[in-house]
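Remarks on the structure that follows.
The values are calculated or read from the model by the stated rules, or taken from the named source; none is laboratory data. Owing to the predicted nature of the structure, the values given are computational and were not obtained by experimental measurement. Cβ: placed from backbone, ideal geometry, glycine included. Neighbour counts: every protein chain shown. All accessible areas refer to the heavy atoms of the entire protein, side chains included, with ligands and DNA or RNA removed. Shrake-Rupley method; radii C 1.70, N 1.55, O 1.52, S 1.80 Å.
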Amino acid sequence: MDHSLLDNYCSDTTQSEPDLLVELIEKTHSDMGYPNKLSGKTVGRTLKLLAKLASPKRALEIGMFTGYSALSIAEGMADDGELICCETNPRAIEFAQRFFDRSPYGHKIQAKFGPALETIQSLTGDFDFVFIDADKRNYLNYYEAVVPLVRSGGLIVIDNSLWQGRVLEPIENSDIAVDAANKRVLNDERVENVHLNVRDGLNLIVKR
């Protein structure tokens, strides 16, 4: 069985994202480098649905890029919810903000420029929802940094947790880091998880 055909079938039978997000994808491909950083429809709609189920008042995203996943999460949040996004690319922040300003969900999103680990250290209070999708070499560091900030029952979602299959035979630093993060989650008594083979992998984690 060709798994790419199944992936396409799942995407085709998933409800469409808003037109603004379709435009965001098109503009990212035409105006920005590395459009492969986009979460994509299946992951985006998953994030929206998870946010709708979890009803987070306060959420955190590590690695915003051009704002596709941020708008997907914000779409599922309550109208008074707050989503803090960490991003190191000022051009990506400027790009994303133009779409936030046009979205009925954009008022929930606050982009913070700078290294995510530094931003995380400046944050206080509990988070209900965290999405990790930044540089893979820091995945374990990001995970360890956010777990203390997540309330009991809060949800952590790690994207690209299969890292295009390279976790099976990790060689590069990024491969080793993603694999280490997955294994740390598995053996972390503070949480429970299910690791899903969705797109490039989604590790869903609930803090006990």
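Under 5 Å between amide hydrogens, which residues at least 5 positions from Glu61 or on another chain qualify, with H placed 1.01 Å from N in the peptide plane?
When sequence neighbours closer than 5 places are left aside, the close amide H contacts are Ile84, Cys85, Cys86, Phe131.
Quick one: grab the alpha carbon gyration tensor of region 17-155, order the square roots of its eigenvalues as a ≥ b ≥ c, and give me rounded if a/c is under 1.5, else prolate or oblate depending on whether a/b is larger than b/c. Each step should come with its number before you reach the end.
On the way: a/c = 1.67, a/b = 1.24, b/c = 1.35.
Oblate is the answer for region 17-155, as a/c is 1.5 or above yet b/c matches or exceeds a/b.
Subtracting the Cα-Cα distance from 0.36 nm times the residue separation, let me have the gained length for Asp135 to Asp31 in nm, one decimal.
Details: separation 104, 0.36 × 104 = 37.44 nm, distance 2.12 nm.
Result for the pair: 35.3 nm of gain on full extension.
With θ taken as phi - 60° and the coefficients 6.51, -1.76 and 1.60, list the Karplus ³J(HN,Hα) couplings across region 92-97 in order, rounded to whole Hz; mark glycine and proline as x.
5, 5, 4, 4, 4, 4
First measure r as the distance between the Cβ atoms of Gln15 and Asp79, then evaluate 1/(1 + (r/R0)^6) with R0 = 35 Å and state the FRET efficiency to the nearest 0.05.
0.95
Let me check against my output: what whole-number percent is the relative contact order of the chain, with C-alpha pairs under 8 Å and at least 6 apart?
So the answer I get is 16 percent.
Mind putting together the pair-distance distribution for region 117-203? All Cα pairs, 10 Å bins, whole percent per bin, short to long.
Pairs per bin, as whole percents: 17, 52, 26, 4.
With the other protein chains left in place, how much accessible area per residue, in square angstrom, belongs to region 1-82 at a 1.4 angstrom probe?
For region 1-82, the per-residue accessible area is 51 Å².
Out of residues 5 or more away from Leu196 or on other chains, whose amide H comes under 5 Å of its own, with H placed 1.01 Å from N in the peptide plane?
Long-range HN contacts for Leu196: Leu202, Asn203, Leu204.
Just grab the label-to-label distance for Asp2 and Glu118, each label 7 Å out from Cα along the Cβ direction, in nm (one decimal).
In this crude spin-label approximation the distance works out to 4.7 nm.
Restricting to lysines 8 or more places apart or on different chains, can you count the pairs in the chain with Cα atoms under 16 Å from each other?
9
Quick one: which of 31-41, 60-70 comes out on top by average Cβ neighbours within 10 Å, and what's the full order, highest first?
For the peptides 31-41, 60-70, the packing ranking is 60-70, 31-41.
Per-residue ellipticity at 222 nm for the chain, helices alone: DSSP H runs ≥ 4 residues times -39500 (n - 2.57), over residue total, nearest 500 deg cm²/dmol?
Rounded to the nearest 500, the figure is -13000 deg cm²/dmol.
Within the chain, what percent of beta bridges assigned by DSSP are antiparallel, to the nearest 5? All intermediate terms of the calculation are to be shown ahead of the outcome.
On the way: 11 of 30 bridges.
Here the antiparallel bridges make up roughly 35 percent for the chain.
Just read off the accessible area of Lys27 with the full protein assembly in place, 1.4 Å probe, to the nearest 10 Å².
Lys27 exposes around 80 Å² with every protein chain in place.
Out of the total accessible area of region 1-41 (probe 1.4 Å, heavy atoms of protein only), what percent is carbon and sulfur?
On the way: 1550 of 2950 Å².
Carbon and sulfur: 52 percent of the exposed surface of region 1-41.
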